[in-house]
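Engineer: Let me give you the structure first, and then I'll get to my questions.
The values are calculated or read from the model by the stated rules, or taken from the named source; none is laboratory data. Note that the structure is a prediction, hence the values are computed from the model and not measured. Cβ atoms come from the backbone with ideal geometry, glycine included; neighbour counts cover every protein chain shown.
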Amino acid sequence: MVLTPVSIIASSFAVILALLVLTPIVSRNQRLLIIVGFSFTTISSFLATAAGVWTVANGTISQVVIPLGLPDLPFHLRLDVLSGFFLTVVGLLSTFVSLYSIGYVNGFLGRRSITSLVVFYSLFLVGMQLVVLADDALFFLIAWELMAAASYFLVLFEDERVENRRAAFLYLVVAHVGAIAILLSFGIMAGLATGFSGFQSYTFDAMRETELPAGLATAAFLLAFFGFSAKAGVIPLHVWLPEAHPVAPSNISALMSGVMLKTAIYGMVRVIFDLIGVFPWWWGAFVLVFGLVSAVLGVLYALMQSDLKRLLAYSSVENIGIILISIGLCMIFTSFDQSLLAALAMIAALYHSLNHAMFKGLLFMGAGAVLHATHERNMDEMGGLIRFMPWTSSLFLIGCLSISALPPFNGFVSEWITYQAFLLSPALSSPLLNLLIPLGAALLALTSALAAALFVKAFGVTFLGHRRGHHAHDHVHEADWFMRIGMVLTAVTCFGLGVFPTFLINWMDPITEYLVGDTISSSAAGFGWMWLTPISHERASYSAPVVFLGIFAVVAITYLLLHTRSGAIRRAPLWDCGFEKVTNRMQYTATSFSMPLRRIFGFLFSIKEHVRLLPETAHRAFPEQLQYHLRVRDRFWIWIYQPIADASFWVSRRIGRMQHGRIQIYLIYSFVTIIVLLIFSK
Amino acid sequence: MKIHPFLIEVAQVALLLFLAPLFAGWVKMLKCWFQGRTSPSLLQPYRDLSKLFSKDVVLAENASWIFRFTPYLVFGVSVMAGSIIPTLSTDLPLSATADVIVLVALFAIARFFTALAGMDIGTAFGGMGSSREMTIASLAEPAMLMAVFAVSLVGKSTSLSQMTAVISQGGHAMLRPSLVFALLSFILIALAETGRVPVDNPDTHLELTMIHEAMILEYSGRHLALIEWAGMMKLYLFVVLGIASFFPWGIALNDDLLVVFTALAVLVLKLGFVGVGLVLIETGLAKMRIFRITEFLGSAFLFATLGMMSYFMLE
Amino acid sequence: MLKEILKNVFTKKKAIPFPEGFDVTPDQAAKIIDFQRKIDTIFHRSLRIRQVDAGSCNACEWECTALMNPIYDLQRFGIDFVASPRHADLLLVTGPVSRQMELALRRTYSAMPEPKLVVACGDCAIDGGIYQGSYAVTDGVGNVIPVDGCIPGCPPTPTAILLGLSRIIHSCTK
């Protein structure tokens, strides 16, 4: 067999197919099924990663036509640099999460059958890989639907609780609303390619070659943006994210947050830069504004949460906003023909996609390990876990450092490149843009500062201090070896992506060449492989290895100097200001940590705070018990979703009047329909 | 006569380590004079630090590795930050490794770990300090980034050495509205980030009024010495950053020995003046309520964004 | 307000010069000069005090507070009061140590790092003072934690407190 990227990807699918065939045979022994199933998915994801890396490194484009599908409408697949990049993102995280799952899914053994988990997991992976490979509208939508349906069943895995069922249903509804918008968008583009008769130009190739008139191009763009935003979780279409991600098993949450949202980004980039190609500057401003709103509101909503996985889900909304900010900048620069800056912004967007997949995957895996050990998702019941789970806490800390954009980890590199893109933007001819770009930089800075506060809260409340809840904590155990390996590999990748950015940018060269026509790698590594210098080294330069080594050297020298002296360390009880009755409930909890921010930014949410003294009959000066109730709700529920849900119920009640259940009326309906058809068929 | 740039770098780090407590002593001395008292000696901070290094360390029973690691990390990060801000000369070999965004991120690392250390022991005051510190930082850090961005737009680079060189050679063209806005914003931010009145009183003994000190209530011995030293270094670094960005005349642009010595003398003079200004602000203002700080920082953020916008619109 | 500041800076300082201005006998003056030297040696000329009110009537606290004003001005010697015992070198206890404060005092003592000193300030802290024999007090700090020195007085004047501190440090370094 000849070793080409296409053959590697084909073998990846073959492995999954083998797994699906094996599953009924092995399913009686559930433990064996877990090991076999997730090992196969690990291998398959690894092959997908290899194919993606190779394709981007070479810059090749391979196209395959599979004669499945409808007659005259075969499936087209295309593996080019953009697909290859997203294939790498999908495959890399899936490899680590599959390894992690071998240990994590053991927690479900005995309580329920995990056969469906293994099957739908494999279908989910297949769906995501096919989405980035699809080269025509029909196959794209089939793969999209496969991905959505498989993830619906995965979210619904623990379906005995009613809120899980509701969350999954909401997810399904929003995913399909988005899919309809994408379908209409493809319809416009395909229709323009052939002139609204015949089906031949449903392929992306045909759409690429067509010149779209401005009005219809805008319609296609808006529909595609709406549809992909629904899947990516951009505000205001984000409501399914904080419902669906927490209820799914944690390895699924890691994949959904880490890579499924990126397939939506892939879709956006593909449609805007590849299929449409030429666009006015206001599209970029539009995307930038949505990105800014998502970033700021996402992190603020996350700060209000005390459920660990909901917090991480809202944080995904924030990071998708950051990616959209970079994409918006890239679009603005492209429309002004600043191809070098557009390449810089595109690198920022793609780098952040890869980074987010890595660190969000790591964070969800860590949250899963905590959930596995304590059976708690509420941070206000946790605390002091760092002593029982040293590996998990250190790896979760690496995830927190990466997502807060702190050197030397990877989150900082993509934020740094985004800031450089903002700062290098020249005075553009539109005064609105001259206002928007500095404002954008300011809001991005606000977002990253709030994200740091968010992850101090997440890590501090979960792992540090004492156990805040009422349960004893003797049965808390560390994650097992498979979970640790999955997390360690992800953490090492985070560190590697942060310390060696120039290699990744060199590798990503062909992508920006293909999409915007220019590359920055020659200048980015122009000063040496250790220095990241996007335009020139006088303009801006960052050397991650030297910063890391510098800090490490100073810390090591200080430690050695101070530890050779005398000075014992004595352990004593904590200093509680002499107050004898200190309890664990007197620590800061997740809710209290974010209280100042709730006071400052509270106008953005609908907050209901209520304090009640019990018993009500006692005098106010001598309460026996205090009851505090806080509810923070997303305003978008009340503005958008509640009215839509109410309206749809109203309409369906009206139409429901037609359904009497009496067969005579139904026969009259059929009769009238036949008369009408006979009249109009002439 | 030329000095090797590496020697300038070493001299700069040595200055950071040894001038920072002296500057803290100068600020204390001025404060006492302005309040009509006699002051402690100028060298008092050195004595405090050397005493603390010789004391034992008492750790809470549930202190984790984060608590023990934080003082070293905070110290290391401050030293790293000090090696990239041009104080004596712009010809620094480490200037290509980190620019102004990295500098802000280095302060963010120190703050992140100090906040975690505050939460580590599990006392109410530690968590309170962490919560307040991260809230103030989430408003102050964007404003600081915007202020230095405004300066970097004028200096056409985010590398600190380049910015300093361009501004000191710019002459009267440097009197721009964007720089004025950025300077105003920077002063407000420096007060917030270094924990001075009117944001946080560094001499307070009341835990409920503490922001930064609440996080370090559990530290003792050499750990406390490192953290206090890092605190003094942070004040020094902010002052030196402000000087390098807004008043860089006097910083050597080459490695000539005579020019570098003049730069040292000018630096000491500037530090003296800034000390007087800082203590005038501290003595004249009262500490604000925590929730008034948002207006304070919000106006700093507004000034900084206005500075950037005025650059984009007018230039 | 600037006028106030300028007045403060440029007029003669009100602090009583140490040790000449202190109202003491000649051999007490010799001990005070020793005090400066002893603080030099043990605590590198930097002493941090944590003050604990173990049930006192607050008169001793007022005198300790007076040590911080411009007239006595404790800070010019390198001495300061701190909030946390982990930061402190010397524990200054006032009050007869009521039963409610006994545990708090023990906790404060064990929270301090070595080398540390304990000074009982005021008659109540030494042996219970006017509360001696009451069911609610433990009759002096010495019954709760080891004491390195006492400063008698009810309340002791700021001068006496300073003198007392110097004597204690002198005897500790003998």
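Engineer: Need at least 3 residues that are aliphatic (A, V, I, L, M) and out of contact with any Asp or Glu (no Cβ under 9 Å at 6 or more places or on another chain) per element, so show me which helices (runs of 4 or more DSSP H) inside segment C:88-174 make the cut, counting only ones lying wholly within it.
Structural biologist: C:158-172
Engineer: Test each condition in (1) facing chain A (nearest Cβ under 7 Å); (2) farther than 18 Å from A:A590 by Cβ; (3) not acidic (D, E) for B:S131 and report the one that comes out false.
Structural biologist: The one condition B:S131 does not meet is (2).
Engineer: Out of everything in segment A:578-600 that is touching a Leu at 6+ places or on another chain (Cβ under 7 Å) and either facing chain B (nearest Cβ under 7 Å) or surrounded by 20 or more Cβ atoms within 10 Å (Cβ to Cβ) (or both), what residue ends up being farthest from A:L423 (Cα to Cα)?
Structural biologist: Out of the qualifying residues, it is A:S594.
Engineer: Out of the residues in segment B:50-67 that are within 30 Å of A:M389 (Cβ to Cβ) and among the small types (G, A, S), which is farthest from the other protein chains (Cβ to nearest Cβ)?
Structural biologist: B:A63
Engineer: Looking at (1) under 29 Å from C:L2 (Cβ atoms); (2) within 11 Å of another protein chain (Cβ to nearest Cβ); (3) loosely packed, with under 15 Cβ neighbours inside 10 Å, can you tell me which one B:F291 breaks?
Structural biologist: Looking at each condition in turn, B:F291 falls short on (1).
Engineer: In addition: Test of understanding: among A:A421, A:A445, A:A451, which residue is without any contact (Cβ under 8 Å) to a residue 60 or more places away in the chain and either out of contact with any strand residue (DSSP E or B) (no Cβ under 9 Å at 6 or more places or on another chain) or surrounded by fewer than 22 Cβ atoms within 10 Å (Cβ to Cβ) (or both)?
Structural biologist: When all the criteria are applied, what remains is A:A445.
Engineer: Further question: Hey, C:E61 hits all of (1) more than 14 Å from chain A (Cβ to nearest Cβ); (2) surrounded by 21 or more Cβ atoms within 10 Å (Cβ to Cβ) but one; which does it fall short on?
Structural biologist: (2)
Engineer: Right, next: Which numbered condition in (1) out of contact with any Lys or Arg (no Cβ under 7 Å at 6 or more places or on another chain); (2) surrounded by fewer than 20 Cβ atoms within 10 Å (Cβ to Cβ) is the only one that B:D256 fails?
Structural biologist: Going through the list (1) out of contact with any Lys or Arg (no Cβ under 7 Å at 6 or more places or on another chain); (2) surrounded by fewer than 20 Cβ atoms within 10 Å (Cβ to Cβ), B:D256 breaks only (1).
Engineer: Another question, then. Out of everything in segment A:537-556 that is part of a helix (DSSP H, G or I) and within 7 Å of another protein chain (Cβ to nearest Cβ), what residue ends up being surrounded by the most Cβ atoms within 10 Å (Cβ to Cβ)?
Structural biologist: Per the criteria, the residue is A:V547.
Engineer: Of all residues in segment B:146-161, how many are facing chain A (nearest Cβ under 7 Å), touching a residue at least 60 places away in the same chain (Cβ under 8 Å) and part of a helix (DSSP H, G or I)?
Structural biologist: So the count comes out to 3.
Engineer: Check whether at least one residue in segment B:26-38 is surrounded by fewer than 20 Cβ atoms within 10 Å (Cβ to Cβ), free of Cβ contacts under 8 Å to residues at least 60 places away in the same chain and of a type in the set (S, T, N, Q), and report yes or no.
Structural biologist: Yes, segment B:26-38 contains at least one residue that is surrounded by fewer than 20 Cβ atoms within 10 Å (Cβ to Cβ), free of Cβ contacts under 8 Å to residues at least 60 places away in the same chain and of a type in the set (S, T, N, Q).
Engineer: In segment B:113-127, what residues are buried (at least 24 other Cβ atoms within 10 Å of the Cβ) and either within 7 Å of chain A (Cβ to nearest Cβ) or outside any helix (DSSP H, G or I) (or both)?
Structural biologist: Hits for segment B:113-127 are B:A115, B:L116, B:M119, B:D120, B:I121, B:G122, B:T123, B:G127.
Engineer: Between a first residue in segment C:70-89 that is under 16 Å from C:P113 (Cβ atoms) and at the interface with chain B (Cβ under 7 Å from one of its Cβ atoms) and a second residue that is among the polar types (S, T, N, Q) and part of a loop (DSSP other than H, G, I, E, B), which pairs have beta carbons less than 9 Å apart while being 6 or more apart in sequence or on different chains?
Structural biologist: From segment C:70-89, the pairs are C:A83/B:T204; C:S84/B:S220; C:R86/B:S220; C:H87/B:S220.
Engineer: When only residues in segment A:445-474 that are farther than 29 Å from A:E318 by Cα and either β-branched (V, I, T) or out of contact with any helix residue (DSSP H, G or I) (no Cβ under 8 Å at 6 or more places or on another chain) (or both) count, which is modelled with the highest pLDDT?
Structural biologist: So the residue we want is A:D474.
Engineer: Condition first: within 12 Å of chain B (Cβ to nearest Cβ), more than 23 Å from B:W65 (Cα to Cα), out of contact with any strand residue (DSSP E or B) (no Cβ under 9 Å at 6 or more places or on another chain) and at pLDDT 90 or above. Can you find one or more residues in segment A:392-403 that meet it?
Structural biologist: No.
Engineer: Tell me which of these A:R28 doesn't satisfy, since it passes every other one: (1) crowded, with 19+ Cβ neighbours inside 10 Å; (2) over 21 Å from A:P5 (Cβ atoms).
Structural biologist: Every condition holds for A:R28 apart from (1).
Engineer: Just one of A:W575, A:W650 is more than 14 Å from chain B (Cβ to nearest Cβ) and modelled with pLDDT of 85 or more; which is it?
Structural biologist: A:W650
Engineer: Residue pairs, Cβ under 7 Å, 6 or more apart or interchain, first in segment B:70-97 and more than 26 Å from A:V456 (Cβ to Cβ), second of a type in the set (K, R) and in a helix (DSSP H, G or I). List them.
Structural biologist: Filtered contacts from segment B:70-97: no entries.
Engineer: Out of everything in segment B:244-253 that is within 19 Å of the chain's Cα centre (by Cα) and surrounded by 20 or more Cβ atoms within 10 Å (Cβ to Cβ), what residue ends up being modelled with the lowest pLDDT?
Structural biologist: Result: B:I251.
Engineer: Now, a different point. Go through segment A:199-257 and give me each residue that's part of a loop (DSSP other than H, G, I, E, B) and either under 28 Å from the mean Cα position of the chain (by Cα) or among the aromatic types (F, W, Y) (or both).
Structural biologist: A:F199, A:G233, A:V234, A:I235, A:P236, A:L237, A:H238, A:V239, A:A248, A:P249
Engineer: If a residue must be within 10 Å of chain B (Cβ to nearest Cβ) and surrounded by fewer than 17 Cβ atoms within 10 Å (Cβ to Cβ), how many such residues does segment A:515-529 contain?
Structural biologist: Adding up the residues that qualify gives 1.
Engineer: While we're on this one: What about A:E145, is it within 29 Å of A:W283 (Cα to Cα), surrounded by fewer than 17 Cβ atoms within 10 Å (Cβ to Cβ) and not assigned by TED's automatic domain parsing to the domain that holds A:S11?
Structural biologist: Spelling it out, it is not the case that A:E145 is within 29 Å of A:W283 (Cα to Cα), surrounded by fewer than 17 Cβ atoms within 10 Å (Cβ to Cβ) and not assigned by TED's automatic domain parsing to the domain that holds A:S11.
Engineer: Being more than 14 Å from chain C (Cβ to nearest Cβ) and under 13 Å from B:M232 (Cα atoms) is the filter; apply it to segment B:191-212 and report the residue that is surrounded by the most Cβ atoms within 10 Å (Cβ to Cβ).
Structural biologist: Taking the candidates together, the pick is B:E193.
Engineer: Among the residues in segment B:141-160, are any buried (at least 24 other Cβ atoms within 10 Å of the Cβ) and within 14 Å of B:R111 (Cα to Cα)?
Structural biologist: The answer is yes; a qualifying residue exists.
Engineer: Next question. Pick from A:F671, A:F601: which is under 20 Å from A:Q305 (Cβ atoms) and either in contact (Cβ under 8 Å) with a residue 12 or more places away in the chain or assigned to a helix (DSSP H, G or I) (or both)?
Structural biologist: None of the others qualify; the one that does is A:F601.
Engineer: Exactly one condition in (1) touching a helix residue (DSSP H, G or I) at 6+ places or on another chain (Cβ under 7 Å); (2) in contact (Cβ under 8 Å) with a residue 60 or more places away in the chain; (3) under 30 Å from A:A421 (Cα atoms) is not met by B:E141; state its number.
Structural biologist: (2)
Engineer: So the check is Cβ under 6 Å with 6+ separation or different chains; which pairs have a first residue in segment B:267-289 that's on the phi > 0 side of the Ramachandran plot and a second one that's among the polar types (S, T, N, Q) and in a helix (DSSP H, G or I)?
Structural biologist: none
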